[in-house]
Every structure is written in structure tokens, then in C-alpha cells.
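Structure, as C-alpha cells:
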Amino acid sequence: MSEALLDIRVERKNFGATTVLTNVHLALQPREAVSLLGPSGCGKSTLLRIVAGLEKDYQGELLQGGGEVAFVFQEPRLMPWLTVEQNIGFSDDDGYDKAWVAQLIDEVGLTGFGQALPKALSGGMAQRVAIARGLYSRPQVLLLDEPFSAVDAFTRMKLQDLLLQLAEHHGIALLLVTHDVDEALYLSDRVLVMDNRPSSIRQELAVELVHPRDRRDPLLARLKALALTELQRAHVI
Amino acid sequence: MSSKSETLPVALAPTLTVQRSAWPRRLKGLALPVLILVILEVVVRIGWLPSYQMPAPSEIAVTLTDLAEGALWKHISASLLRVLLGFTIGAGLALVFAAWVGLSREAEAYLEPTFAGLRSIPSLAWVPLLLLWLGIDETSKIVLIAIGAFFPVYLNGVAAIRDIDRKLVEVGQMYGFSRTRLVRRILLPAALPGLFTGLRSGLSLAWMFLVAAELIAATKGLGYLLSDGRETSRPDIVLAAIIVLALLGKISDGLLAALEKRCLAWRDTFNGQGPEN
């Protein structure tokens, strides 16, 4: 395997007196898609925030193989006073790359909405803008924190396919946090099942299927059974 | 004339359909004031109210036009200048302190208790002190107006900054924004709705304190006109001055409201329910 894009070891992460993470080691290869699967509050989002540099108070080390990292939050978090275009190019203030923004708008399927304000967008459309904003900085790794948990099931499937397509097209590695077993298995090359608090990685499931995948693939069903068994043993469900 | 009126409806037709929703609303708003004016006029004319106490609306209108040909503009410009100066100074200082206290916990710890204490003093209690210190000329009036405008702007400003969605701020932190960039790109626009609320209530208080200042000691201004009307037993002058004050207050607030609407068109807010929708 080539050198990891991202390599992080968290020995311990506390919130006050509670320990949320212990002994987590995570490495991400270029173009790889990895999911962290676990219940809400198990510390998987915290792990993602540590990788993004939003949490700095932890014991461990972040060995990043260089390269840009971008974050897509659970909510779109668009600036309501900026247009879709300005939101996508947000990191470059007013001097954003217009051509690149226009291309991203087309790629996420929002052609013609460049001048729209966030209030005019549906939840799914707003999350497309958030993904485009994540891609704007040409990252090598896209971190996603339950990005599709707030949209309906059909929109979610569409957005999952869009995400895979964009990751493939731009050669981006994905690190995704989710509590949706199907989503984790459908999107990822590896699924890391998290323990309950204090959490660590309980099991790693490799999903050896090429993209595009069929959601009805029997292997996905078998792996889902496996993941559910693990989650049950961890007293998560 | 008759041929003109025949062509009018055709020319107006397209604009009428556009404004159909706007006009009935405005007429609804006018109904109550017009009714009150008519009742007053009638009541005074038939002698139920003595006209030396409550002049008829038509009489006030005559007084107003008389004043408009004479000293009214002098009074208006004196008052307007005081309000503008006082409001600019008060609101400007309030914005600076609100930004400071809102952004820094340290500044909050040092300044907030003092401001909370000062705020609990009814602002008119400053009047005697201001007169003693600054005399009865312009300075004391402008300082009083500035004090009146300061607190609503300051309070709303701090609240607006502290109400900003942490999740939006986090987006800027993720991009590694510097403090000034965070303020310019996220904090300022996000706080703008609250800042406008503060500015508008500050402006209305500025008008209130103007009247207080001018009632106490002035040789020109609308407040002077009010007390002059009382001293010469001319309720029509008092009412004319009140009407001018109301108009000026409404116009100045309208200007701020228009600016607010322009700056905050992005807001996704509830606008009330009506029979139209």
C-alpha cells in the first residue's frame, strides 16, 4: 500500500470527567472511502473533528500526509446572506475562482442556482452546496459528519451516488461518520464499527465490491448482518 | 378632461393588478386616523369640546401652514441637527463597545457590570448634572441624546453578537480564518439583524431625549415650540409640533427600515399571516 494520506492516533480524549475515545488508530489511503459506524454520542464525530483540527485538546498525534482536508457538516451550514456561488467560494472571500465554482455547481446538479440565496433551497439542495463548498479547496480528503442524516431516504440515496461520483472524479479520499449501516456499507471500502463509550474501533469490515455498487448485492446484506451482530455485542442496539 | 379620464383606466390597468395587494392594506391603515380626525372636527365644530383646549384638525392644519411659512424650518433644522449628532455619537460609541464586549469575554468581565449599573439610572436623571457641567447650550442636549441612544444600541449589539450560531462560526474556524476575517465574513453579517433592531430603537429614543432636552432649556427646536405653545396657551401650536415630531420620527425610522430591508433581504423570516395567503 502507498503511504497513508492521513494517519491519526488518539490515545485518549476526555470531555470533563468522561472519556469518549481510547486507543483509536486510523489510517486513510489515497482515494479510499472509510466509514466510522456507531451510535450517536459514541465519539465518532469527535474523532472526525480531531482530524479536521476543530478539536485540539486530546492525547495522541495527528500524522497527516500533507494535502488539503475539507469538512462537510451534518447541517449544510451555509451563510444565509451569501448566494450559492459565494457560499461555495467562501474560503476565498470575494476573490473566489468563478469558473471553478460554476463547474462545481454543475457537478453537484445545481445548474442555474448560482445566484440563489440559501433560503430558496431545499434541504437536499443545500447539502449539495455544502459538498461543493467542501470540494472548492481541492481537498485530498473529504471529512463528512453524518452528511445525509437530515434528508429523506430517496434524496439520501441520490446524494450518496453523487458523493461517490464526485470522489471518483476528483480522486478524493472520504472519511465518513454515520449511524446508518446501509450507508456505511454502500459508500465505503472499509467500515470501522465503533464501540460504545469510551469508544474505540471494535471491528473493521472490508467491503470488497467495485463501484458502482448494487444496493441489493447479497454481499452487502451479509456484511450488514455482521455489522449488526457486532453492534449488538457492543450493547449499542 | 373627460377624454383623459376615459383613457386612464386602460393605462393604469397593468399597474393596478400588481399593486392590488398593496393598496387595500394601506387604506386599512388609514381608516382609523381618518375616522378620528373626522370625529374630532365634528365634535369641536358643534361645540362639545372647547376649541381653546382642543383645536379642530382644520385649525391645526392652518397653524401648520402658517408655521411652515415662518419659523418652522428653523426649529426643524435645529432639532434634526441635534438628533443626528447625538444619535451618531451615541450609536457609534455603543457599536464600538458592543463589539468589544460581545467579542471578548475579558472585556465583558471588565465593562459589563459598569454598563449594567449605568443602564439602571433612568437617563433623564442625568439632566440636572448635564446642565450643571455643560451649561444649557448645545453640548448638554447632544450628550443627553447620545446617552439615550447608547443603551438600546449597545444592548442589542451585544445580544446580536452572542446570538450568532456557533455552527456558522465553526465553518470559519475550519478554514483557519483570522479574527478580523471572522468578524468581517461571519460575525458582522450574522449580527446585522440584531444591530438594526438596536439602531432603530436607539433612534426613537434619540427623538424622545431631544424633546426632553428642548423642553427644559432651548430657544429653538421642536421641543421649544411645544413649551412655547403651552406658555402662550396655544394647543394648536403644541399639536402642530407633535405632528411634525411624529412625521420626522416616522421618516427617519423609515429610512433605517429601508436600509435594513436592503441589507437583510437574505433573511428567511416569518412575515405574518394575512387573508391573502
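The values are calculated or read from the model by the stated rules, or taken from the named source; none is laboratory data. Keep in mind it's a predicted model, so treat the numbers as computed, not measured. Cβ sites come from the backbone with ideal geometry, for glycine too, and all protein chains shown count toward neighbours.
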(message) Can you confirm whether B:E231 is touching a Leu at 6+ places or on another chain (Cβ under 8 Å) and without any contact (Cβ under 8 Å) to a residue 24 or more places away in the chain?
(response) no
(message) Yes or no: the stretch A:86-94 includes at least one residue that is within 14 Å of chain B (Cβ to nearest Cβ) and within 20 Å of A:R190 (Cα to Cα).
(response) no
(message) Given the criterion over 21 Å from A:L192 (Cβ atoms) and more than 14 Å from chain B (Cβ to nearest Cβ), identify the matching residue among A:K44, A:K98.
(response) A:K98
(request) Please state which one of A:L47, A:L54 is surrounded by 20 or more Cβ atoms within 10 Å (Cβ to Cβ) and touching a residue at least 12 places away in the same chain (Cβ under 8 Å). (result) A:L47
(message) As an exercise: evaluate A:K56 against (1) modelled with pLDDT of 85 or more; (2) not in a strand (DSSP E or B) and give the number of the one condition it does not meet.
(response) (1)
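Scanning the stretch A:66-111 for residues that are of a type in the set (F, W, Y) and part of a loop (DSSP other than H, G, I, E, B), which turns out nearest to A:A126 (Cα to Cα)? Please lay out each step first, then the result.
From the stretch A:66-111, those of a type in the set (F, W, Y) are A:71, A:73, A:81, A:90, A:96, A:100; that's our starting set.
With the extra rule that they be part of a loop (DSSP other than H, G, I, E, B), the set shrinks to A:73, A:81, A:96.
Numbers: A:F73: 11, A:W81: 14, A:Y96: 19 Å.
Per the criteria, the residue is A:F73.
Listed here are the residues, each with its yes/no results for (1) within 14 Å of another protein chain (Cβ to nearest Cβ); (2) part of a helix (DSSP H, G or I); (3) closer than 24 Å to B:A240 by Cα.
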| site | (1), (2), (3) |
| --- | --- |
| B:I186 | yes, yes, no |
| B:A191 | yes, yes, no |
| B:R200 | no, yes, no |
| B:L203 | no, yes, yes |
| B:A206 | no, yes, yes |
| B:F209 | no, yes, yes |
| B:A213 | no, yes, yes |
| B:K220 | no, no, yes |
| B:Y224 | no, yes, yes |
(message) I need the full set of residues from the stretch B:97-136 which are under 24 Å from the mean Cα position of the chain (by Cα) and not in a helix (DSSP H, G or I), in order please.
(response) B:S120, B:I121, B:P122
(request) Would you be able to say whether some residue in the stretch B:177-185 is in contact (Cβ under 8 Å) with a residue 12 or more places away in the chain, closer than 30 Å to B:S77 by Cα, assigned by TED's automatic domain parsing to the domain that holds B:L93 and β-branched (V, I, T)? (result) no
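In this structure, does A:F154 turn out to be more than 14 Å from every other protein chain (Cβ to nearest Cβ) and outside any loop (DSSP other than H, G, I, E, B)? Step through it out loud before you land on a result.
Numbers: more than 14 Å from every other protein chain (Cβ to nearest Cβ): yes; outside any loop (DSSP other than H, G, I, E, B): yes.
So A:F154 fits the description; yes.
Assess whether B:L203 counts as being buried (at least 20 other Cβ atoms within 10 Å of the Cβ), within 18 Å of A:W81 (Cβ to Cβ) and modelled with pLDDT of 95 or more. Break it down stepwise before answering.
On the way: buried (at least 20 other Cβ atoms within 10 Å of the Cβ): yes; within 18 Å of A:W81 (Cβ to Cβ): no; modelled with pLDDT of 95 or more: yes.
No, not satisfied.
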(message) Take the residues in the stretch A:79-115 that are surrounded by fewer than 20 Cβ atoms within 10 Å (Cβ to Cβ) and among the β-branched types (V, I, T); name whichever of them is farthest from B:L187 (Cα to Cα).
(response) A:T111
(message) Go through the stretch B:235-277 and report how many residues are touching a helix residue (DSSP H, G or I) at 6+ places or on another chain (Cβ under 7 Å), acidic (D, E) and closer than 27 Å to B:P24 by Cβ.
(response) 3
(message) It is to be established whether one or more residues within the stretch B:145-168 are modelled with pLDDT under 90, part of a helix (DSSP H, G or I) and within 30 Å of A:R138 (Cα to Cα).
(response) no
